[in-house]
Amino acid sequence: MADTDPKLSPTPPAEPKLTKAKEIKLPSAVLALESTPDGKTLFAACLDGSVQRVTVETGEALAIGRHDSYASGVALLPGAQQLVSSGYDGVLHWLDLASGKELRSVQAHQFWSWDLAASPDGRWVASVTGQYRAGSYKYDPAPGAEPSVRVFDAASGALKYSWNFLPPVQAVAFSPDSRRVAAGNLMGEVAVWDLETGRSVSQWKTDDLTSWGIIKSHHFLGGVFALEFSPDGERLYACGMGPMRDPMAGNGVQRWQSFDWKTGKKLDQTHEGESGQGLMEALAFHPDGKHFVMAGRLFQGTWNLALFEAASGRNLFSIDAKHRITDARFSADGQQLFLAKARQQELKNGRWNDFGLLEIHTVSGLGA
């Protein structure tokens with residue numbers, strides 16, 4: 001047998017992997033997260049109402065904004081050196097990062113802002129709201145008391161669009177070309193609007209991401225908790241928790257689904273046998289456009305953070321991150337993954353523990 005020159009042997013590709021490199025503690029649970037493109041600074045919307053700026057290298061945190069209730073969303077305006085935050089007070093705050101001064105404050109909703117997003121071109125800011133109220137003795141949801149999806153001009157704060165979409169609306173996302181915005185609600189309904197015309201593009205319902213409770217109490221639970229367009233703009237991804245007989249148990253399937261947003265046709269979803277049970281709250285695409293992560297709360301199984309191949313939908317890597325994950329962001333170079341977390345709050349020796357966490361994971365085995 002001829003000898004094989006090891007120099008000519010192909011090197012097998014590295015297996016995709018996420019490795020925790022750093023943990024930064026914050027006093028209060030983190031509900032939303034944003035990162036500068038270079039990954040050196042993180043912004044955290046926290047349960048105590050504060051908006052924190054965190055230096056990754058040192059772990060130093062500084063409160064740069066505040067809401068009168070939970071801070072629920074945070075978004076950087078590309079190229080503007082401005083940060084927009086949202087909260088359960090229904091207010092949006094614009095902050096100038098260079099001076100640290102607030103530029104404007106807008107009362108976007110009379111109820112909570114569930115989710116916030118800025119368009120990739122920095123032109124638009126979207127916020128979603130809505131309270132679930134029984135519409136009849138059958139507990140079907142009642143129409144909203146106010147428009148549940150609103151889009152604002154990012155430069156002026158002026159309201160551009162208001163749409164009535166059955167509340168509560170828990171997730172919002174812009175398309176990569178900034179021409180469309182999508183929203184998802186508690187009942188598993190998803191809608192897409194055109195930002196040039198203000199007209200509805202499509203709307204559909206997935207029963208796989210919502211549940212009607214018949215044990216303990218009659219109500220809906222679950223719904224769409226995060227939305228993300230694929231980087232090529234062809235698909236819309238949604239995540240949440242699969243249907244349950246007893247929604248109070250929180251034991252639905254850890255589920256993502258992808259759709260053709262033009263028609264609402266389901267294209268793929270979490271594969272059978274590749275997930276456990278729990279509520280998924282975060283979606284993020286890797287900059288290579290070929291992979292994405294989903295994360296959230298674990299009820300039963302082996303993971304609450306997993307990396308998927310977009311083309312095949314396969315689960316490539318998964319870990320139990322031990323605490324609830326509320327948001328996730330990749331650095332622009334794809335070498336880091338940032339996680340927003342909330343851990344159990346405990347009273348020890350008369351003092352409540354810090355129960356907010358930011359984690360930095362290194363990413364290996366993926367392209368830039």
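This table checks each residue for (1) farther than 26 Å from ALA238 by Cβ; (2) out of contact with any strand residue (DSSP E or B) (no Cβ under 8 Å at 6 or more places or on another chain); (3) part of a loop (DSSP other than H, G, I, E, B).
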{"site": "ASP89", "(1), (2), (3)": "yes, yes, yes"}
{"site": "SER99", "(1), (2), (3)": "yes, yes, yes"}
{"site": "ALA117", "(1), (2), (3)": "no, no, no"}
{"site": "PRO120", "(1), (2), (3)": "no, no, yes"}
{"site": "VAL125", "(1), (2), (3)": "no, no, no"}
{"site": "TYR132", "(1), (2), (3)": "no, no, yes"}
{"site": "GLY144", "(1), (2), (3)": "no, yes, yes"}
{"site": "PRO147", "(1), (2), (3)": "no, no, yes"}
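Applying the criterion of being touching a Leu at 6+ places or on another chain (Cβ under 8 Å) and over 18 Å from SER72 (Cβ atoms) to the residues of segment 333-348, the residue that is surrounded by the most Cβ atoms within 10 Å (Cβ to Cβ) is LEU337.
Taking each residue of segment 217-240 that is under 16 Å from HIS286 (Cβ atoms) and modelled with pLDDT of 95 or more and looking for partners that are assigned to a strand (DSSP E or B) and polar (S, T, N, Q) with beta-carbon atoms closer than 6 Å, six or more apart or interchain, yields ARG235/SER258; TYR237/SER258. Among residues of segment 183-207 that are farther than 17 Å from PRO141 by Cα, those with a Cβ under 7 angstrom from a residue that is in a strand (DSSP E or B) and among the charged types (D, E, K, R), sequence gap 6+ or separate chain, pair up as VAL192/ARG180; TRP193/ARG180; ASP194/ARG180; LEU195/ARG180; VAL201/ARG180; VAL201/ASP194; GLN203/GLU189. Go through segment 318-339 and report how many residues are under 20 Å from GLY365 (Cβ atoms), in contact with a Phe, Trp or Tyr (Cβ under 9 Å, 6 or more places away or on another chain) and not in a loop (DSSP other than H, G, I, E, B). Looking only at that region, the number is 8.
Yes/no per residue for (1) surrounded by fewer than 20 Cβ atoms within 10 Å (Cβ to Cβ); (2) modelled with pLDDT of 95 or more:
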position	(1), (2)
GLY59	yes, yes
ARG66	yes, yes
GLY79	yes, no
GLY90	no, yes
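Which residues, counting only those in segment 179-189, are among the hydrophobic types (A, V, I, L, M, F, W, C) and more than 11 Å from THR210 (Cβ to Cβ)? Answer for segment 179-189, where residues must be among the hydrophobic types (A, V, I, L, M, F, W, C) and more than 11 Å from THR210 (Cβ to Cβ): VAL181, ALA182, ALA183.
The values are calculated or read from the model by the stated rules, or taken from the named source; none is laboratory data. This is a predicted model, so every value here is computed, not measured. Glycine gets a Cβ as well: all are built from the backbone with ideal geometry, and neighbour counts include every protein chain shown.
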